[in-house]
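The values are calculated or read from the model by the stated rules, or taken from the named source; none is laboratory data. Keep in mind that this is a model prediction, so the values were computed, not measured. Cβ: placed from backbone, ideal geometry, glycine included. Neighbour counts: every protein chain shown. Calculation scope for accessible area: heavy atoms of the full protein, side chains included, ligands and nucleic acids excluded. Shrake-Rupley method; radii C 1.70, N 1.55, O 1.52, S 1.80 Å.
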Amino acid sequence: MSAPSAVDRAQSARLALSSRSFSSIVDQLGTDDFHRTLRAALYELTGFNSCIILSFSAAEAPVVLEHCSTIQPDRFRHCYMKEAYRLDPFYTAAVQGMTIGVSRCKEIYAHDFTSSAYHNTYYKDVPLVDEIGILCPVTDLQTIHISLGRCTGSQRFDQSVLEDLHAAEPLLASLVRKHALLRPDLCQRDLKVPTGQSKDIDSAWLRRFNATRREIEVATLVLRGHTNASVASVLGISEDTVKVHRKRLYVKLNISSQAELFMTYMNNRSADDSDGPLNVVPRNGRGH
């Protein structure tokens, strides 16, 4: 019988490391140290430079569960957490109930990512050379998102890292879901966001475009991240009726997508509703 090759030995070492790491995560289920322990285990598995764990829901802004990143914290707080998350492909996938497994951000975007509103508004200024995302559904209304990044100056995640994450993902998602159900208090907005960061969407600007009351209601919910189905549920109307209202509103605004609605909102909201510049680029007629 031949001796194990270097590749086999490396794989065995990774599996042993992964087993020990995930055992420590199990020990922290339901405790305040769960996400920190999860982050440490993922670092041993992937060697990331950036790890952000968020709770996504369509009804409110994300809640930060863990943040260990070289990304400028002020930009993350004032740009991503305030508005840009609505354009994040991972957020869209989460609120639409998509199954993505372990995916790169650009892999789940249907169009040219570099011309997207999310890229132009936020991502182009983030010093990442690679990002892997994992979505862990908790309930129909909540998904935990794990973002792992390699920053400028580092190498992209290699294939072995992706394979390890793919193998670990079912167990990882199960543990994250179990912890979220044990500790729902960690995802409550009033415990995580300073006063003033969860303000209502300013919809007054839509009146200048002769939007009807129902169109304003629909737009407000869409800007909060709701899908057509959840807008219909909140307003007590059919999903087809929601689509009609959106279509009519988009004609009035001369836009054709949710991304353009977001950009139009950013360009028209009142000065009192802004906490600082988001470096929004002018609309160019393209809506990805």
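Assorted remarks:
- Residue satisfying condition, being at pLDDT below 85, loosely packed, with under 13 Cβ neighbours inside 10 Å, of a type outside the set (D, E, K, R) and not in a helix (DSSP H, G or I), within set 19, 2, 23, 12: 2
- Residue match in the range 55-73 (condition: modelled with pLDDT under 80, more than 22 Å from residue 157 (Cβ to Cβ), open to solvent by 10 Å² or more (accessible area, probe 1.4 Å) and of a type in the set (Asp, Glu)): no
- For the range 59-86, a residue qualifies if it is within 22 Å of residue 264 (Cα to Cα) and hydroxyl-bearing (Ser, Thr, Tyr), and the qualifying residues are 80, 85.
- Matching residues in the range 42-54 - criterion: being of a type in the set (A, V, I, L, M) and open to solvent by 10 Å² or more (accessible area, probe 1.4 Å): 45, 52
- Of all residues in the range 129-145 being buried (at least 19 other Cβ atoms within 10 Å of the Cβ) and in contact with a Lys or Arg (Cβ under 9 Å, 6 or more places away or on another chain), the one that is farthest from residue 65 (Cα to Cα): 130
- Of the residues making up the range 103-122, just one is in contact with a strand residue (DSSP E or B) (Cβ under 9 Å, 6 or more places away or on another chain) and among the hydroxyl-bearing types (Ser, Thr, Tyr), namely 103.
- Applying the condition of being open to solvent by 90 Å² or more (accessible area, probe 1.4 Å) and in a helix (DSSP H, G or I) to the range 183-205 and asking which residue is modelled with the lowest pLDDT yields 191.
- Single match in 93, 167 (criterion: open to solvent by 10 Å² or more (accessible area, probe 1.4 Å), of a type in the set (A, V, I, L, M) and either within 19 Å of residue 261 (Cα to Cα) or assigned to a helix (DSSP H, G or I) (or both)): 167
- For the range 79-99, the condition holds for no residue, the condition being that it is more than 24 Å from residue 223 (Cβ to Cβ) and touching a residue at least 40 places away in the same chain (Cβ under 8 Å).
- Per-region count, the range 206-248, residues at pLDDT below 80 and either in contact with a Phe, Trp or Tyr (Cβ under 9 Å, 6 or more places away or on another chain) or not in a helix (DSSP H, G or I) (or both): 5
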